[in-house]
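Chemist: I am attaching a structure below and will ask some questions about it afterwards.
Any read-out appearing in this document is the output of simple, stated calculations on the displayed coordinates, not a laboratory observation. Please read these numbers as outputs of a predicted model, since none were measured by experiment. Every residue, glycine as well, gets a Cβ built from its backbone with ideal geometry; the counts of neighbours run over all protein chains shown.
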Amino acid sequence: MPTPATTDPAETRMVVNCVAYRSDGSRIGDVGIDAISDVLQEPDTFVWVGLHEPDAALLLKLQEEFDLHDLAIEDAQSAHQRTKIEAYGNSLFIVVQTAQLESGHIAFGETHIFLGARYLVTVRHGASLSYAPARRSCEHTPDLLSLGPSYGLYSVLDFIVDNLMPIVRDFREELQELEQDIFAASFNRDTVRRLYDMQRDLMTLRLAVSPLQDVISQLVRLHPQLIPDELRAYFRDVHDHVTRVNDAISAMREMLTAAISVNLSLVTFGQNEVMKKLAGWAAMLAAPTLITSWYGMNFTHMPELAEAWSYPVIIGVVICVVGGIYLALKRAKWL
């Protein structure tokens, strides 16, 4: 019979699940952390533990129960690890970046995974959804869970990857909503800032997703002592999902780059149009200014000033010059 889970409030908060399973994939029940070693003494059993931001004491307790490597525990205590997979004897330590969309921005977290022949431990840090749906999915397919903890690993990785695509999809929908502002001739600092924030978040997301392709590729090809051949097709499917997410992120980043360039080009074009109009009106004002200033120099010998027709002729000349400039600029589409 499984030992009831601990009632320590602090440990209860950090231990999301600790469940024992039989080798046929059926659920035995919840067990306490201290009783894991007792459960593993029974043949044909394995344990799946889910933790959320555990403290050092709890990780050390898990190390004793599962005989985890010191370096893996040291990495698991820090929530700032790169995506990677490391083998320690007959066990694997995997770090995966997770992401959630919060208030229009991507919040990032990490999941550290310990995989052994008879155990699976997931340690969540930061922004990450609960893996309860992945666990329920496994329990509903005991024939596949009978393949061991590696099927639980597949379910967790598939759950993580499947939750990345909606983030890219939401960004694409937001970009479509911003199209009206993007193609506006006036400059909107908030629009450009939002496009930049989206591009920055997607860059960070890509840095988190790209290494995951190598991690899953190793699970497809290597570690036969932990990954049975029956499950390699499932990990290949996850690899395809990661590739699709990575391609979608790249396409989305290119769209954002193009949107920023188009917005800035349209704003520059609009400003150029305004400057052309101002320059055209300035040219029309410059012509009468030049003519009148010519006759404002107060020279003594300017014969035409004494004639009766001088004033109307000068007015006519100004009108003709200004009219000619106006027509020329209108033809050139400056006005």
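Chemist: Go through segment 165-274 and name the chymotrypsin sites (Phe, Trp or Tyr not before Pro) that are in a DSSP coil and have 16 or fewer other Cβ atoms within 10 Å of their Cβ.
Modeler: Listed in order of number, the matching sites are F183, F187.
Chemist: With θ set to phi - 60° and the Karplus curve 6.51 cos²θ - 1.76 cosθ + 1.60, what are the ³J(HN,Hα) couplings of segment 44-53 in order, to the nearest whole Hz, using x for Gly and Pro?
Modeler: For segment 44-53, the Karplus curve yields 6, 9, 8, 10, 10, 10, x, 10, 10, 6 Hz.
Chemist: Give me the angle, in degrees from 0 to 90, between the Cα long axis of helix 229-294 and the longest principal axis of the Cα atoms of the chain, rounded to the nearest 10.
Modeler: Compared with the principal axis, the helix lies near 10 degrees.
Chemist: Residues of segment 208-223 with backbone nitrogen within less than 14 Å of a virtual label 7 Å along the Cα-to-Cβ line of R82, please, listed as ranges.
Modeler: Flagged as within label range: 208-215.
Chemist: Please figure out what share of the DSSP beta bridges in the chain is antiparallel and state it in percent, rounded to the nearest 5.
Modeler: Looking only at bridges with both residues in the chain, the antiparallel portion is about 85 percent.
Chemist: With r as the distance between the Cβ atoms of D247 and V267 and R0 = 35 Å, compute the FRET efficiency 1/(1 + (r/R0)^6) and round to 0.05.
Modeler: About 0.70, to the nearest 0.05.
Chemist: Taking the Cα centre of the chain as the origin and placing charges on Cβ (Lys, Arg +1; Asp, Glu -1), which of P149, Q77, A287 is farthest toward the positive end of the dipole?
Modeler: The residue sitting farthest along the positive end of the dipole is A287.
Chemist: If the only charges are +1 at each Lys and Arg Cβ and -1 at each Asp and Glu Cβ, what is the size of the charge dipole of the chain around the Cα centre, to the nearest 20 debye?
Modeler: 2000 debye
Chemist: What trypsin sites (Lys or Arg not before Pro) does segment 48-151 have in DSSP loop regions with at most 14 other beta carbons within 10 Å?
Modeler: On the way: sites: K61, R82, K84, R118, R124, R135, R136; in loops: R82, R118.
Passing both the DSSP loop test and the Cβ count: R82.
Chemist: Setting aside same-chain residues fewer than 8 positions from K276, which lysines have a Cα under 29 Å from its Cα?
Modeler: Cα-Cα hits under 29 Å: K330, K333.
Chemist: Ignoring solvent entirely, what values of log10 I(q)/I(0) come out of the Debye formula for segment 194-263 at 0.13, 0.14, 0.25 Å⁻¹ when each Cα is a single scatterer?
Modeler: -0.48, -0.53, -1.00
Chemist: Here is a further query. Find how many whole Å separate the alpha carbon centroid of segment 256-305 from the alpha carbon centroid of segment 120-174.
Modeler: Measuring centre to centre over Cα atoms gives 65 Å.
Chemist: Taking the Cα of D44, stepping 7 Å toward and past its beta carbon, and measuring to each backbone N in segment 131-146: which are under 20 Å?
Modeler: The answer is 139-146.
Chemist: Sticking to Cα atoms, compute the Rg of segment 167-216 to one decimal and its Dmax as the biggest Cα-Cα distance, whole number, in Å.
Modeler: Taking only Cα atoms of segment 167-216, I get Rg and Dmax of 14.0, 47 Å.
Chemist: Karplus couplings for segment 84-98 from phi (6.51 cos²θ - 1.76 cosθ + 1.60, θ = phi - 60°), rounded to Hz, Gly and Pro as x?
Modeler: In residue order, the calculated couplings are 6, 9, 9, 9, 10, x, 9, 9, 10, 10, 10, 10, 10, 7, 10 Hz.
Chemist: Among D201, D30, D190, determine the one that fluctuates most according to a GNM of the chain built with springs between C-alpha atoms less than 10 Å apart.
Modeler: D190
Chemist: Still on this structure, please answer the following. For segment 20-170, what's the relative contact order in percent, using C-alpha pairs closer than 8 Å and at least 6 residues apart?
Modeler: Dividing the mean separation by the residue count of segment 20-170 yields 24 percent.
Chemist: Compute the projected area of the convex hull of the Cα atoms of the chain, averaged over all viewing directions, and report it in nm² to one decimal place.
Modeler: Mean shadow area of the hull around the Cα atoms is 26.8 nm².
Chemist: Subtracting the Cα-Cα distance from 0.36 nm times the residue separation, let me have the gained length for D240 to E174 in nm, one decimal. It would help to have the intermediate numbers written out before the result.
Modeler: Details: separation 66, 0.36 × 66 = 23.76 nm, distance 2.58 nm.
So the extension gain works out to 21.2 nm.
Chemist: Please list, in order along segment 167-177, the HN-Hα scalar couplings obtained from phi with the Karplus expression 6.51 cos²θ - 1.76 cosθ + 1.60 (θ = phi - 60°), rounded to whole Hz, x for Gly and Pro.
Modeler: After applying 6.51 cos²θ - 1.76 cosθ + 1.60, I find 5, 5, 5, 5, 5, 5, 5, 5, 4, 5, 5 Hz.
Chemist: Relative to 2.2 N^0.38 Å, what does the C-alpha radius of gyration of segment 226-335 come to as a ratio? Two decimals please.
Modeler: For segment 226-335, the normalised Cα radius of gyration is 2.58.
Chemist: So, one more: Return a whole-number percent for the relative contact order of the chain, with Cα pairs under 8 Å and 6 or more residues apart as the contact set.
Modeler: Details: 446 pairs, mean separation 43.9, N = 335.
Once normalised by length, the contact order is 13 percent.
Chemist: Below 8 Å, C-alpha to C-alpha, sequence gap of six or more: please give me the relative contact order for segment 212-335 in percent.
Modeler: Relative contact order of segment 212-335: 25 percent.
Chemist: Per 10 Å bin, what percent of the C-alpha pairs of segment 124-266 does each bin hold, from zero upward?
Modeler: Calculated over all Cα pairs of segment 124-266, the distribution is 11, 33, 26, 16, 10, 4, 0 percent.
Chemist: Given 5 Å bins starting at zero, what is the percent of C-alpha pairs of segment 24-169 in each, up to the one with the largest pair distance?
Modeler: 2, 9, 20, 22, 21, 15, 8, 3, 1, 0
Chemist: Points 7 angstrom from Cα along the Cβ direction at R206 and R193: gap in nanometres?
Modeler: Between R206 and R193, the label points sit 2.5 nm apart.
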